[in-house]
Amino acid sequence: MHTIALLIGLGPLFGWGLFPTIASKIGGKPNNQILGTTIGTLFLAILFAVVRQLEIPTGGAFILAMLSGIGWDFGQILAFKSYQLIGSSRTMPITTALQLVVTSLWGVFALGNWPLLNQKLIGLAALVVIIIGAVMTSWQESKDQASSKDLGKATLLLVIGVFGYWSYSAAPQAAHIDGVHAFLPQAIGMVIGAILYNLFTIKKENVFKEKVSYMQIFAGFFFGFAALTYLVSAQPDMNGLATGFVLSQTSVIVATITGIFFLNERKTTKELIVTVIGLIIILVAATVTAFL
């Protein structure tokens, strides 16, 4: 069981690790990417619910979970826009760090995590270290005005978008349903949000008729696979929440490295070294926060 649990826990390493690279490689606009990704995720959520014969939440719990899926759309659309500005290899460490910070602070102030003073001090220090690690991954040896401007725009988008990601995990907690049962309602909300976003932003091109939108379903399978394996991994009879969370964060390494080498988001030798150190710092600090 331990080996199986570990393999399942590493699912996000490949799912979330490869998702941004595959979505970027397939191409299209953020409109195409969000539509295909959510459809692919919904397919997997339906299949999982049928195979596991899950009882779907109803009433307010269903609505909250569905709204959290729409919140994820908000965060991911801004992340897709950030990919276009600075590439996925620079975006992923920043957005991962922001999610770790916001999720941890939510746990402290709303859920009563880190109740002891020393836990708070160590946790807050770890969050500062996470931010430092994210800054290191986006460091450039020689900056020009255009690249600095793009990095500033992308960072602002990710800071705003992180609250969408936060709702993705916070709303089910507020509804008192576990992630496994929330996954299908969330996926339904994700598709609804993607459709509404495209309906309100359609100009000349109709993304519903563009082939690339449906090619992005393939990227959605990777996101859905990562989400499913994380939810199963976090169950008490598998790896548990803390270990499952830490294992899932390893995806930032794959996302960053594949972005550099498969999307030609080149870095100098010094930039690559600083990026690797930054990634290690993020993962170590994330491990500290998970086990406080």
- Query: In whole angstrom, how far apart do the alpha carbon centroids of the range 13-33 and the range 209-273 sit?
  - Reply: 9 Å
- Note on the structure: Per DSSP loop assignment and a cutoff of at most 13 other beta carbons within 10 Å, the chain keeps its longest run without exposed trypsin sites (Lys or Arg not before Pro) at 1-142
- Message: Roughly how far apart, in whole Å, are the Cα centres of the range 126-186 and the range 63-82?
- Response: 12 Å
- Note on the structure: Checking GLN216, GLN140, GLN76 against a Gaussian network model of the chain (alpha-carbon springs below 10 Å), the top fluctuating residue turns out to be GLN140
- Which value in Å is the Kirkwood Rh of the range 145-186 over different Cα pairs? 12.2 Å
- Task: Averaged over every viewing direction, what's the projected area of the C-alpha convex hull for the chain? Give it in nm², one decimal, please.
- Result: 15.6 nm²
- Add -39500 (n - 2.57) for each DSSP H run of 4 or more in the chain, then divide by its residues: what number comes out at 222 nm, to the nearest 500 deg cm²/dmol? -28000 deg cm²/dmol
- Please compute P(r) over all alpha-carbon pairs of the range 135-292, binned at 5 Å starting from zero, and give each bin as a whole-number percent. 1, 7, 10, 15, 18, 17, 15, 10, 5, 1, 0
- Query: Using 1/(1 + (r/R0)^6) with R0 = 35 angstrom and r between the beta carbons of VAL159 and ASN118, what's the FRET efficiency to the nearest 0.05?
  - Reply: 0.75
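Throughout, read-outs are computed from the coordinates displayed, never taken from laboratory work. Treat the numbers as computed from the prediction; the structure is a model and nothing was measured. A quick note on method: Cβ atoms are made from the backbone with ideal geometry, for glycine too, and the neighbour counts reach across all protein chains shown.
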